[in-house]
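Right, one structure below, let's go through it.
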Amino acid sequence: MTLPGPPFGLWALGLLLFAAGSALVGGAVRTVARRWIPSWRSLGAIERLLLDLYLGGAVVYGLAFLPLGLFGPATFPAVLVLAFVVLSAEAARLGRPAAGAAIARGAARFVAAGPLIALLAAGALGLLELSVAISVPTGNTYDASQLATYTSLLITHHSVPTDLTGVGLALPVAYPQGAAAWMATAQLLFGLPPARTALLVAPMFFALAPLGAYVVGDRWLGGGRAGPVLAVVFAVLATWTRWQVTGSYDFVLSFPLVLLLVGLSKDWTGPAPVGWSDALAFGLLAGYAAALSPVGVGWWLLALPVVAGLVSAVRWGGAARRWFARYFVAVAAALAPVSLSLVVVLSGLGHIGFAPTQPGVGTIAPVGLGAPQIVGYVDPFLFGGAAVWLSPFPVLRAELAILLVAGLLVLILRPGWFRSFPLLPALAIAGGASALAWFALEGLAADHVRAFELLAPLTNGDELAELLSTVYAVVATVPILALLSSPRPASPDPPPEPRRTRRWSPAPSVTVAIAIGLLLLVPGVAVTATQLPTSEHAVYESFGNVSASDFALLDWAKTHLPAGARVLVAPGSAAEFLVAYAPSIRVLYPMVEGFEYPNTTYRDLLDELTHGTLSPNGSADLAILDVEYIVVTGANTVLANPLSPAPLLADPNGFPILFQSEDAFVFARTAAGDPPLLAAVT
């Protein structure tokens, strides 16, 4: 099947240019802001790269967040030009020799061994992920179509959507829209097919995760080796967000930024509290992470006071009152980028139905997790088919479980031959405790504790499991670092002075230790290179099995369905992308929170049509929902059943065919005696 969109090589270049452009914009912001933010003046090369890229995205989101209609095709090019002007002015202020020397020093930092290894790991993983994504039709039709709907609303109305009136629903938007700004920008810049935009943009952020891991390792573990080793572990051993090809693209986009925030939080464990401006900058960056996905940053903001309190030598910077004053400033700043969503969630509208009389806006759909589900998420030693959080591959899952046990033993026993990581136990305890606290919130929500039901939209079991597995992966890296960092045993007597200069040769025990450390990474490299593409491709197709006929239907609909048309579709159908192709139509119903609850009319109608029947009650339901068109596709996802065309084909007068291509149909619903609304197309 020939898929719409750019080919592999062209899109790899497109993503590289997109990342570079975003980093250029962010670099201009950082250049100006570092005058007031001391911590931004001494960033490492990888830290600066990640920060600049996300600051570039934050600028575009900030313009889209304002209800001034500032977002459009010219937005990103305009801020890119402005960034170039700012950086050129800074270079002119420094003078040509000084500016050239600064650029040379910055470039040289990237070719140092540690950053270079991290960049190579990220690049290799990004190309691997892109090679898989480019060959499949769409991402998860649930999550990808939801994001496509938000993206369409942003492109159409030039500001982040605060309600769903643009798709015919007078209801608020509960979820933050940071990810939609990235998708809309890419779609406008590169002309990506709306149904494939999330799929094609996600590999860039998959590739950024090892860079975030590098920052965590370099800041919290240090020693020169920890950063690159953790980057490689995240690229080849740990699952982290790679298995989120099943959905949660917002979490994929936020995850590298969350890792960056974890790394930068090392400053909060210092001998004195951070400055006010640093706290404010940290909070705003955390707020932007929340605008991408609230789960990761919510996890870390809860963990941060714990980790700072566990550093016994300088607990809370030696001044708890001052430390917490800055912490609450950071939290308050973090609320600003997600303020619109918080109003909706805290008003009880996070999970909503679409029929105001059945029983109305504000009714909460079932949320939360039961105890067995929580155990399945948090236990790293489960080896059943569904226990994929350490790794979906049994050999890597077993290796990581063994390394996790070994890492815990090393941290607990602290053998004298191993350089200790004084901050790592605090990091692991705080990260694990925070994840468990959020899981407890999910459990209380499942028990219908109203306050926790309201907060449940801020979290997600799968994503919490990814964050907890990140903590496990950091601890599992300790044995590898122990082997790679094994010191040469001290000799009781100094060796005789050599007669000629020779290159240093490590002792056999050191060589063996280093070799074993490297060999521990070999299974990850082998599995990632050979099994991951096939497995990911199968997962992609399970959740986004969209056909050429479905794409033809989407292209047909954008020019043939009239504005305001009310179109019935099945949950998870490729037809859920219709709003992204024809923003003026009304899909019943978009894949947003609580779409199926408590609209019993819609649910009863789906129950009939997915089973190949349409009774008089079903026909009455069509009238109640004021359905004008019905779109039928094949089985596009394992999450839901498609509508059956059989009862519609059996009544050609009531449901004339307007479009058909293999198993993709568009039917018009006509009242008795009415002519078809459009000429048939086959």
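The values are calculated or read from the model by the stated rules, or taken from the named source; none is laboratory data. Here the structure is a predicted model, which means the values were calculated and not measured. Note: ideal-geometry Cβ built from the backbone for every residue, glycine included; neighbour counts use all protein chains shown. When the accessible area is computed, the model is the full protein with side chains, heavy atoms only, and any ligands, DNA or RNA have been set aside. Shrake-Rupley method; radii C 1.70, N 1.55, O 1.52, S 1.80 Å.
Per residue, how much accessible area does the chain have with a 1.4 Å probe, in Å²?
In whole numbers, the chain has 40 Å² accessible per residue.
Compare the peptides 255-265, 293-303 by average per-residue count of other Cβ atoms within 10 angstrom and give them in order, highest first.
255-265, 293-303
Could you sort R603, R35, R586, R30 by their accessible area in this structure, using a 1.4 Å probe and putting the largest first?
Details: R603 110, R35 135, R586 60, R30 25 Å².
I get R35, R603, R586, R30, largest accessible area first.
Calculate how many DSSP beta bridges within the chain are antiparallel, expressed in % of all such bridges and rounded to the nearest 5. Display every interim value, and only then the final one.
Working: 9 of 15 bridges.
Within the chain, antiparallel bridges account for around 60 percent of the total.
Could you please state, rounded to a whole Å, how far the C-alpha centre of region 298-336 is from the C-alpha centre of region 249-271?
14
Would you mind pulling out the separation of the Cα centroids of region 17-94 and region 582-642, in Å?
Here the two parts' Cα centres lie 44 Å apart.
Rounded to the nearest 10 degrees, what's the angle between the helix 141-157 long axis and the longest principal axis of the chain, both from Cα atoms, 0 to 90?
So the helix axis and the longest Cα principal axis differ by about 80 degrees.
Give the relative contact order (percent, whole number) for the chain; include only Cα pairs under 8 Å separated by 6+ residues.
Once normalised by length, the contact order is 14 percent.
May I ask you to give the percent of accessible area on region 137-210 that is carbon plus sulfur, with a probe radius of 1.4 Å? List each step's numbers first, then the result.
Numbers: 880 of 1520 Å².
Heavy-atom surface of region 137-210 belonging to carbon and sulfur, 1.4 Å probe: 57 percent.
Would you calculate, for the chain, the mean residue ellipticity at 222 nm contributed by helices, counting each DSSP H stretch of 4 or more residues as -39,500 (n - 2.57) and dividing by all residues, to the nearest 500?
For the chain, the value works out to -18500 deg cm²/dmol.
Note down the Stokes-Einstein diffusion coefficient of the chain in µm²/s, whole number, using a Kirkwood radius over alpha carbon pairs, 4 °C, and 1.567 mPa s.
Diffusion coefficient, whole number: 48 µm²/s.
Give the angle, between 0 and 90 degrees and rounded to the nearest 10, that separates the Cα long axis of helix 548-560 from the longest principal axis of the Cα atoms of the chain.
60
From the protein chains alone at 1.4 Å, what is the descending order of accessible area for Y288, Y142, largest first?
Largest to smallest exposure gives the sequence Y142, Y288.
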